[in-house]
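Comments concern the structure below.
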Amino acid sequence: MKKYITKVVSILLLAVVFSCSEDTIDLEGVGSITGTVVRVGTNEPLENVKISTNPATSTVFTNDVGVYIIENVPSGEYSLSAEREDLLTVFEGVSVLVDSELEVVLEMDVSTANNRPPTVVSLVTPADNSTDVPVDVEFVWTASDPEDDDLYYTLTLRNDEDTNVEVFENITDTTYTISELSYGVKYFWQVSATDSINDPINSTTNAFQTIFPPNNRLVFSRIEDGNSIIYSADEDGNTELQLTSSSKNSFRPRRNSTTGKIAFLQSVGSQTHVFIMNEDGSQVEQVTSTVGVSGFNLEEVDFSWDADGAKILFPNQNKLYTINVDGSGLDLLYQTTGDLITEVDKNEDTGVIVLKTNNLDGYGVQIFTIDESGTVLDVVLTGENGAAGSINLSVDGTQLLYSRDVSGSETANYRQLDSRMFLYNFGDMTNTDLSVDKTSGTNDLDARFSPNEASVIFVNTSNDGISERSVQKLSISDIEVRTILLENASMPDWE
């Protein structure tokens with residue numbers, strides 16, 4: 001009886017064991033599972049993907065063309081899985097039959113496939129259709145991401161003046177400042193946001209208009225970090241506005257009030273050429289190309305507007321050229337027999353042209369006028385020792401402003417010791433010294449009439465040739481009173 005009970009218990013225990021093994025593997029026969037793993041949408045083969053089954057059999061990895069094979073798989077029902085770190089795990093139910101090869105293609109997507117894109121960017125500043133926006137603009141916008149992913153922004157800026165599109169990428173903040181936009185121009189801006197997972201989300205496009213440039217009638221040059229830079233200022237020497245790039249050497253500005261353009265000289269390689277720009281420094285265009293501006297000393301060379309702003313007169317060694325402001329129509333207007341033409345000024349109303357010529361050292365100066373056919377009309381200065389120049393005709397053509405070093409000094413380094421301003425009257429051929437109140441040991445240079453010709457502006461500097469220069473003003477009716485308008489400035493013009 002005891003043996004019988006023992007057998008019954010043993011049979012019951014075996015039954016319990018087999019009933020608790022739900023994931024059994026049929027050992028009666030085997031098959032195999034093979035196939036490829038590809039990316040969803042592109043069918044790109046994916047390598048190094050881990051392939052396994054549940055219940056567990058073998059674990060394999062796809063090769064470089066995405067192929068896998070699991071051999072000797074006992075027949076039965078399985079869950080086939082594919083796993084890789086950067087991809088979403090996929091599962092596929094399969095049935096393995098004895099002596100059969102089951103082919104299964106698995107499609108996998110990137111692990112961020114369910115990531116949601118950022119919200120639409122909202123533009124804040126400048127407000128849409130705002131006006132009088134400063135040319136240094138701080139752009140502000142808002143955006144967020146549902147998963148708090150890091151966002152990267154792209155700011156796109158264009159205007160209604162040209163086809164240029166400026167793109168500022170990889171911005172990580174919701175503010176971005178752009179400096180030195182053009183004055184009086186309508187701009188359009190848009191911001192896109194990306195979480196580096198989803199496609200970028202674009203904002204609407206907003207518009208704004210920058211302020212119009214200040215009415216600066218003074219233009220001048222200033223040396224900064226080895227380059228000459230052109231600025232403008234109002235008639236009191238305030239509201240300074242930089243017009244040319246700090247990386248280029250630009251000098252001798254000449255303003256034309258009729259066209260609202262400023263002509264100037266700029267170094268181009270080893271040459272010097274005439275350029276024009278708007279009064280705010282925008283739309284810079286090169287005028288001369290085949291023939292540049294040259295003379296014994298580029299700091300002394302000057303040129304002139306002509307034909308109500310349609311042409312430029314400029315010197316090249318002993319030749320005087322005229323050229324249209326679009327770069328066409330280069331013509332030789334006048335030529336000396338040997339002396340260099342260093343300065344030119346033309347009176348638009350009378351057509352009279354005044355020239356300053358000198359020898360290769362800058363001396364042997366002659367100042368004289370010619371008509372448009374090249375006939376000499378009046379000789380203002382000849383036979384004097386020393387440097388001279390800074391010629392500027394009055395509006396009615398009856399007077400000429402110029403400077404001359406009355407010391408008569410002539411040195412190899414062209415140093416001037418006592419340069420004074422003179423007002424020459426063509427009617428009675430008299431000279432008036434305007435520098436009676438000049439500080440001893442200084443030079444008055446680069447004199448120009450004010451627009452109403454009641455005053456003159458000029459450069460005053462020490463005669464050591466290396467000290468800082470200042471632009472000053474004096475009234476022709478009260479030449480003993482001088483006013484400093486601009487520090488560290490030279491080559492002024494006042495139109």
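The values are calculated or read from the model by the stated rules, or taken from the named source; none is laboratory data. Remember, predicted model here, so these are calculated numbers, not experimental data. Note that we place each Cβ from the backbone using ideal geometry, even for glycine, and neighbour counts take in every protein chain shown.
Assorted remarks:
- Sole residue being assigned by TED's automatic domain parsing to the domain that holds residue 464, exposed (fewer than 13 other Cβ atoms within 10 Å of the Cβ) and either within 40 Å of the chain's Cα centre (by Cα) or not in a strand (DSSP E or B) (or both), chosen from 413, 385, 392: 413
- Among the residues making up region 166-192, those that are surrounded by fewer than 13 Cβ atoms within 10 Å (Cβ to Cβ) and either at pLDDT 95 or above or farther than 22 Å from residue 130 by Cα (or both) are 167, 169, 170, 172, 173, 175, 177.
- Inside region 171-190, residues that are assigned to a strand (DSSP E or B) and closer than 29 Å to residue 284 by Cβ make up a count of 9.
- Members of region 423-451 that are in a strand (DSSP E or B) and among the small types (Gly, Ala, Ser): 447
- Entirely in region 38-102, the strands (runs of 3 or more DSSP E) that have 2 or more residues that are under 22 Å from residue 197 (Cβ atoms) and among the small types (Gly, Ala, Ser): none
- Which listed residue is within 18 Å of residue 220 (Cα to Cα), assigned by TED's automatic domain parsing to the domain that holds residue 393, in contact (Cβ under 8 Å) with a residue 40 or more places away in the chain and not in a strand (DSSP E or B), from 308, 302: 302
- Filtered by the rule that a residue be outside any loop (DSSP other than H, G, I, E, B) and either in contact with a Leu (Cβ under 9 Å, 6 or more places away or on another chain) or crowded, with 17+ Cβ neighbours inside 10 Å (or both), region 231-253 gives 231, 232, 233, 241, 250, 251, 252, 253.
- Restricted to region 369-382, and to residues there that are surrounded by fewer than 19 Cβ atoms within 10 Å (Cβ to Cβ), of a type outside the set (Gly, Ala, Ser) and out of contact with any Phe, Trp or Tyr (no Cβ under 7 Å at 6 or more places or on another chain), the residue that is farthest from residue 471 (Cα to Cα) is 375.
- Qualifying residue in region 427-438 (condition: of a type in the set (A, V, I, L, M, F, W, C), under 17 Å from residue 344 (Cα atoms) and surrounded by 19 or more Cβ atoms within 10 Å (Cβ to Cβ)): no
- The listed residues are 268, 293, and the only one of them that is closer than 23 Å to residue 389 by Cα and either modelled with pLDDT of 95 or more or charged (D, E, K, R) (or both) turns out to be 293.
- Residue within region 209-230 that is modelled with pLDDT of 95 or more and part of a loop (DSSP other than H, G, I, E, B) present: no
- Any pair with Cβ under 8 angstrom, 6 or more apart, that starts in region 196-220 at a residue that is under 30 Å from residue 114 (Cβ atoms) and ends at one that is buried (at least 20 other Cβ atoms within 10 Å of the Cβ) and among the aromatic types (Phe, Trp, Tyr): 203/141
- Meets criteria (buried (at least 19 other Cβ atoms within 10 Å of the Cβ) and closer than 14 Å to residue 237 by Cα) for residue 489: yes
- Residue 16 at pLDDT 90 or above and hydrophobic (A, V, I, L, M, F, W, C): no
- Scanning region 423-463 for residues that are within 13 Å of residue 492 (Cα to Cα) and either outside the structural domain of residue 302 (by TED's automatic domain parsing) or small (Gly, Ala, Ser) (or both) yields a total of 2.
- Among residues of region 318-339, those that are over 38 Å from the mean Cα position of the chain (by Cα) and buried (at least 20 other Cβ atoms within 10 Å of the Cβ), counted: 1
- Residues that are of a type in the set (Val, Ile, Thr) and closer than 28 Å to residue 239 by Cβ are absent from region 293-304 altogether.
- Every residue from region 452-492 that is among the charged types (D, E, K, R) and not in a strand (DSSP E or B): 453, 464, 468, 469
- Restricting attention to region 341-368, the residues being crowded, with 18+ Cβ neighbours inside 10 Å, in contact (Cβ under 8 Å) with a residue 60 or more places away in the chain and assigned to a loop (DSSP other than H, G, I, E, B) number 1.
- Checking each residue of region 105-119 against the condition of being farther than 30 Å from residue 68 by Cβ, of a type outside the set (Asp, Glu) and in contact with a Leu (Cβ under 8 Å, 6 or more places away or on another chain) gives at least one match.
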